[in-house]
Amino acid sequence: MSAAPIPDLRDVDLGSLDFWGRPAEERDEYFAELRRHAPISRHRPPEDLLGLPDQERMNYWAIVRYEDVRNISRDPKTFCSAQGTQFADAPPEFLEASLSFLAMDAPRHTKLRGLVSSAFTPRQVARIEEGIRVNARRIVAEAAPTGGGDFVELIAKRLPLVTISDMIGVPESDRERVVAAADLLVTTSDPEVFGERPPIEVVGEALWTLSSFATELAAHRERNPGDDLMTALVQAEIDGERLTHAEIAAFFVLLSVAGNDTTRHTTSHAMRALTVNPAQRRLLMDDGEERLPTAVEEFVRWASPVLTFRRTTTRELELHGERLAPGEKVVLFYHSANRDESAFEDPWRFDLSRDPNRHLGFGGGGPHYCLGASLARTQLRSIFGELLRVMPDIEADEPELLRSAFIHGVKRMSCTFTARA
Ligand code: HEM
């Protein structure tokens, strides 16, 4: 038998959207080569859809190994976030209006994150867990009579939408509109999404929709305080000063985007993985509630819905024999880290017994580690607990993937199951 051909690294352009249009398994052939032979490699700037001037776009270093992604995430003094966190460049005013504390460093990051972090602690999430379960039960019960359809619309999208909207205090009537705009912010690299229009126009419009909605909601909560995150934000003070409406709007955009897409896409990828791995699914059905927490970690590792985040070096340093100057861009490839053979045995095996499972799906640790990790885990346990109880024979087809270097997204995925009243 001849050995599998080794992909030629010179053929790879990690910044091209065509590359990100390929299935994850195919992409990982290249990442596996990089992990083995070039743990840090320099690349030209990613494909630009927003029409930025060339001088604003820099080459970057690709970080593909588990250990490196982890270490860099935990060293914010050397690898900072305040000079941008997105793989693809965007105009500064867009970043300012959408990233909030994700693209800040201490001390501002610590203070802003601190304003909402108490709502996301495991203890606080445990308090709202019953509400999340009730919502999961309702979503699955509403889908049950249909016998199938698009899994994303029917199931995957719905629990994150209700959960984060409830927490922020978004009224029912505005939820779909808010989520549609939040989606656009992370999907404009896909031609299906921007269609005939320039991507920059689509992004600008979505940002405007979200920011003006957040400003109206903030003004409403100033007059009519409630028991939600928006009220907490309008009442909060940092160093004796209230947040401006622009700061609140950016906060809102960050939570809307981070709280929706990631959990949704994890749900879809996990459903497909359970379909093509019937033995694993049986394991989950047999052990039910007991296995769910371990299974959920594998769902997140498997899906790795966030593909990349970027940091900027603050000083000169050496990594795997390469010299990096201050101000260089460093991109963390989470999916690659989660398939690193030195960190996971047989990383392409979907294994619901994997334990320990120290995946980097929620980030590598450090100050920006996913604020919503407990919330996401709770939602994934609730939705899969319900799904497998009410629709034990549910099966999902091959997903239609989003073309994006940021979000490992599923646009659509048909599913079928025995309909129930
Ligand atoms: C499976 C679901 C999720 C995944 C895989 C995920 C992944 C991530 C990753 C990779 C980061 C960056 C970590 C770093 O830079 O070190 C992050 C940050 C963040 N996530 Fe999540 N996330 C998920 C769900 C959520 C949910 C439900 C929320 C709720 C609002 C949320 C809110 C945030 C926020 C606010 C940040 C920025 C934290 C900071 O900069 O301090 N995420 N997430």
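The values are calculated or read from the model by the stated rules, or taken from the named source; none is laboratory data. Predicted, not measured: the structure shown is a model, and the values here were computed from it. Neighbour counts run over all protein chains shown; Cβ positions are idealised from the backbone, glycine included.
Listed by first and then second residue, the pairs with beta-carbon distance under 7 Å, at least 6 apart or on different chains, first residue in the stretch 95-116 and within 25 Å of THR209 (Cα to Cα), second more than 8 Å from the ligand (Cβ to nearest atom) and aromatic (Phe, Trp, Tyr), are SER100/PHE251.
Out of everything in the stretch 117-155 that is of a type in the set (Gly, Ala, Ser) and more than 16 Å from the ligand (Cβ to nearest atom), what residue ends up being nearest to ARG412 (Cα to Cα)? Only one residue tops the list, namely GLY149. Based on this model, can you work out whether LYS77 counts as touching a residue at least 24 places away in the same chain (Cβ under 8 Å) and surrounded by fewer than 13 Cβ atoms within 10 Å (Cβ to Cβ)? Spelling it out, LYS77 is indeed touching a residue at least 24 places away in the same chain (Cβ under 8 Å) and surrounded by fewer than 13 Cβ atoms within 10 Å (Cβ to Cβ).
The numbered conditions (1) of a type outside the set (Gly, Ala, Ser); (2) more than 16 Å from the ligand (Cβ to nearest atom); (3) modelled with pLDDT of 95 or more; (4) surrounded by 22 or more Cβ atoms within 10 Å (Cβ to Cβ) are all true for ARG221 except (4). Could you go through the stretch 279-299 and let me know if any residue there is over 15 Å from the mean Cα position of the chain (by Cα), in a loop (DSSP other than H, G, I, E, B), over 22 Å from SER41 (Cα atoms) and in contact (Cβ under 8 Å) with a residue 24 or more places away in the chain. Yes. The residue of the stretch 376-394 that is nearest to the chain's Cα centre (by Cα), among those that are crowded, with 21+ Cβ neighbours inside 10 Å and among the aliphatic types (A, V, I, L, M), is ALA376.
Restricting the search to strands (runs of 3 or more DSSP E) fully inside the stretch 303-411 and requiring at least 1 residues that are within 13 Å of the ligand (Cβ to nearest atom) gives 308-313, 329-333. Residues that are at pLDDT below 85 and not in a loop (DSSP other than H, G, I, E, B) within the stretch 50-91 comprise ASP54, GLN55, GLU56, listed in sequence order.
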